[in-house]
Structures are given as C-alpha cells and as structure tokens.
Amino acid sequence: MENNRFELLKKYPAPALPRTVATGEWTGGHIQGIAIDTERKYIYYSYTTDLIKADLDGNVIGTVGGLTGHLGCLSFNGGDNCVWGSIEYKHDSIGKGIMARTGVKLADEDAFYIAIFDVDKIDRIGMDAEKDGIMTAVYLSDVCEDFDGEGEQGKPHRFACSGIDGVTFSPRPGERQVSPYMLYVAYGIYGDNERDDNDHQVILEFDWRKIKPFAKPLTQGEPHHSGARCENKFFFYTGNTNWGIQNLEYDTYLDAWLVAVYRGKKEKFRNPPMFVIDRQIAPEMGELRGLCGREGLLLTGATLGTPDPATGVCGLDWPKGQTGMIALGNGYYYFSFDKKEKRDEVNYHSSVIKLCKFTGEGEMFEVVE
C-alpha cells in the first residue's frame, strides 16, 4: 500500500461496549441494517419488514411491524434522536417476495422513502408502524424518477436504479469534518451483466433538517408524495455490484464512507465486497463511464485495499457489512454476522453483532476477541 494518511492513524483501546450482541431469531426476512444509540445504549435492527429495538445485552425492548415495504439500511441521527432508514415499495422480485410472505398487496405505484422512526415510542413487542404513530416518511422523487426512467440503449431504469438501501449521516464530501452533517442515501443497482450503464454507485445528498418537515405518516396502501429533491447526486465508479450499496456508513476515524456491497458478477472487474470513499476529497464533474458521455459529480475512492486494474479503484476483501455495520469511532465497528436456519419449512433469520477493529492490513478489519 502506498504512503498515505491512512498509514498514520493512531491506535486506541477498545470501547466499553459488548464484544457481541445477539439479535435473536426473526422470520420477516434477513437482517438488512443496524444502528446504535451509544448514549442511551440501545441498538436497532432492520429485519426487512420489522424494526427491532434492544439493549446492548440483547434484550428486546420492542418491535415494530406492519411494514409491507423493504426496510433497508438504518442510521441513528443524534440530531433528533430518531432512527432513519430506507424503505421501498416496488413490484420487482424483492417486492413480490414481500407480498408473498406478508399476504398484503402493495399499491400499484412504485414508491421510495426515507422512513423516520420515533424510537422513544418503541416500548413493547408487537407495535404497528402506522397505528402506533411511530413512523413517518419523506417521499424521494429523484429515486422514483430514476427507477421509472430509461437507461442507455433503451434499458429500463435510469442508472439501473433498483431503489434505495444504504443510509448514513456525514459532513459533506470535501468540507471540514466539523461541518454540519447531511443525509446520504444510496441507490440499489440492478446487477445486469449485459449492460454497461450500471457500473457506478449513486448517492443522493439531502439536508435532513430541510426535508424532515415533509415527513408524514405513511398509509402504505395509498403512498403519499410529500417530499423534497436531493441537493446533490454523486457517482462512484466501482464496476457493477449485485443490488448496489447495501450499507453505507460514515466513519469519523477514517474520515471516509464505508460502502458494503454484494459482489458483482462481471468478470472484467475484481468485484470486492467493500469499497471506501475518501470523504476529504471534494467531488468533481467528470464523464460517467458507460453512460454515453453523460457527466456527473464523481466521488474518489480511498487508497485502501487492492486496486482493480479495470477501474483503478481500491476494494477491500472484508466479507461483512452488507447486512449491517456501525462505525463506533477510534477505529472500532460493529459488523453483522448473519445466519439463516430452516426448521419446519420456516426460515429463521438471526445475527450476532460483533465488535471489530481496523487493522490497515489484509482484509483491513478483524474481530475483537
């Protein structure tokens, strides 16, 4: 690895947090994301159609069901003490799977939102997102337009947008680390090997303080359109992935964004499961490869991991993060180690959240024993 600021990072002792937190078993779908409130010592899990609130000993405080969309990556916002997450209602293979499992028919339109959970209200098992007034949502028209739009060569879905998943709060790329935090929402990307316009990750920027007033309770059978446009749309050239950015996490220690993906299948790319975006480098306008000369604001990868000869972008071989990751500061992280077990024709999904640390070598992270 060439000399760079990541080689000069200080090492810190492990935080006073549990080495592991077990989520328990759930049947609503596999774990999609995790978030933590370290001050009040709560952890949150997204299990596709359920939000679970637990303490750091693993004891479940409450659950929120009644969701008929796909709840993805989560992020705790210290600015309002709410959990924010991506939620999508669509009729592709993911949406059809949810309808089959829940028995609830979605509204005819495809719709994409940032869900905001008032987690202080979650105090018992079996709460309902709509009826108990826990969730509001902001409609993301940029995502809907790209999902419904046309890609290159007449392919469906502009930028191969399959919806949204990764969510994080961070200072703007290129600005001082102490600048106000913004909300970042990453696209899901269809992993079609027969198209070349799906090799960028796409990340939208919002000022969460400006869009929160648009949040309204969501009647999921009649999706509302109360929302706001993004302030910026960024592109990060990685080569194709399978379903785009699963989890996006701002790390104050690296001053970078961790990007966890499912490995792509295009043989011309190295297809690692993680990338790191250098937040200190301001985005610049440039040509978007595979998009017939279209330009966009390009983000820069950090010099961590192994460069891909096809892209020049470094990737990490750390295999976790796709089902949840939290940057705890000082080079420590919680990563989800998920598991599925089938018993009596029922799929039971679980995860052990493990404390890990940045090493700067090999896979770049390791479990803290």
### Query
So what J values fall out for segment 118-127 if you push phi through Karplus, 6.51 cos²θ - 1.76 cosθ + 1.60 with θ = phi - 60°, rounded to Hz, Gly and Pro as x?
7, 6, 5, 7, 7, 9, 7, 7, x, 6
### Task
Please say if segment 65-203 is rounded, prolate or oblate, where rounded means a/c under 1.5 for a ≥ b ≥ c the square roots of the C-alpha gyration tensor eigenvalues, and otherwise the choice is prolate for a/b larger than b/c and oblate otherwise?
oblate
### Task
Calculate one ³J(HN,Hα) per residue across segment 163-171 by plugging θ = phi - 60° into the Karplus curve 6.51 cos²θ - 1.76 cosθ + 1.60, and present them in order as whole Hz with x for glycine and proline.
x, 9, 8, x, 9, 7, 10, 6, x
### Label of the coordinate-derived value, volume of the Cα convex hull per residue in Å³, listed as (1) 148; (2) 124; (3) 137
(3)
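State the extension gain, in nm to one decimal, for the chain segment bounded by Tyr348 and Glu39, taking 0.36 nm per residue of separation less the distance between their alpha-carbons. Walk me through the intermediate numbers first.
Details: separation 309, 0.36 × 309 = 111.24 nm, distance 3.08 nm.
Between Tyr348 and Glu39, full extension yields 108.2 nm more.
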### Neighbour net charge for Ile43 - beta-carbon separation under 14 angstrom, K R +1, D E -1
+1
### Query
Which peptide among 14-22, 144-152 comes first, and what is the full order, when sorted by highest mean count of other Cβ atoms within 10 Å?
144-152, 14-22
## Note on the structure
Computed about the Cα centre, the charge dipole of the chain from +1 Lys/Arg and -1 Asp/Glu charges at the Cβ has a magnitude in debye, to the nearest 20, of 560
### Query
What is the sum of charges around Ile94, taking Lys and Arg as +1, Asp and Glu as -1, for the other residues whose C-beta is under 12 Å from the C-beta of Ile94?
-1
### Query
Say we join alpha carbon atoms closer than 10 Å with springs in a Gaussian network model of the chain; which of Met127, Met285, Met274 then has the biggest fluctuation?
Met285
### Task
Using amide H atoms built 1.01 Å from N in the peptide plane, name the residues 5+ places from Ala256, or on other chains, whose amide H lies under 5 Å from its own.
Asp251, Arg279
### Relative contact order [Cα under 8 Å, 6+ residues apart], the chain, whole percent
16
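From the Cα gyration tensor of segment 1-91, with a ≥ b ≥ c the square roots of its eigenvalues, which class applies: rounded if a/c is under 1.5, or else prolate if a/b is larger than b/c, or else oblate? Present the calculation step by step, with values, prior to reporting the outcome.
Values: a/c = 2.18, a/b = 1.56, b/c = 1.40.
Prolate is the answer for segment 1-91, as a/c is 1.5 or above and a/b outweighs b/c.
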### Query
Taking the inverse of the average 1/r across all pairs of different Cα atoms in segment 147-274, what Kirkwood radius in Å do you get?
15.8
### Task
Could you go through segment 142-159 in sequence order and give the Karplus-derived ³J(HN,Hα) for each residue, using 6.51 cos²θ - 1.76 cosθ + 1.60 with θ = phi - 60°, rounded to whole Hz, and x for Gly and Pro?
4, 5, 4, 5, 6, 4, 7, x, 9, x, 5, 6, x, 5, x, 6, 4, 6
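Could you sort the peptides 286-299, 82-95, 64-77 by per-residue average Cβ neighbour count (10 Å cutoff), highest mean leading?
Per-residue Cβ counts within 10 Å, averaged per peptide and sorted highest first, yield 64-77, 82-95, 286-299.
FYI, it's all coordinate maths here, none of it is from the lab. Remember, predicted model here, so these are calculated numbers, not experimental data. Note that each Cβ is placed from the backbone with ideal geometry, even for glycine, and that neighbours are counted across all protein chains shown.
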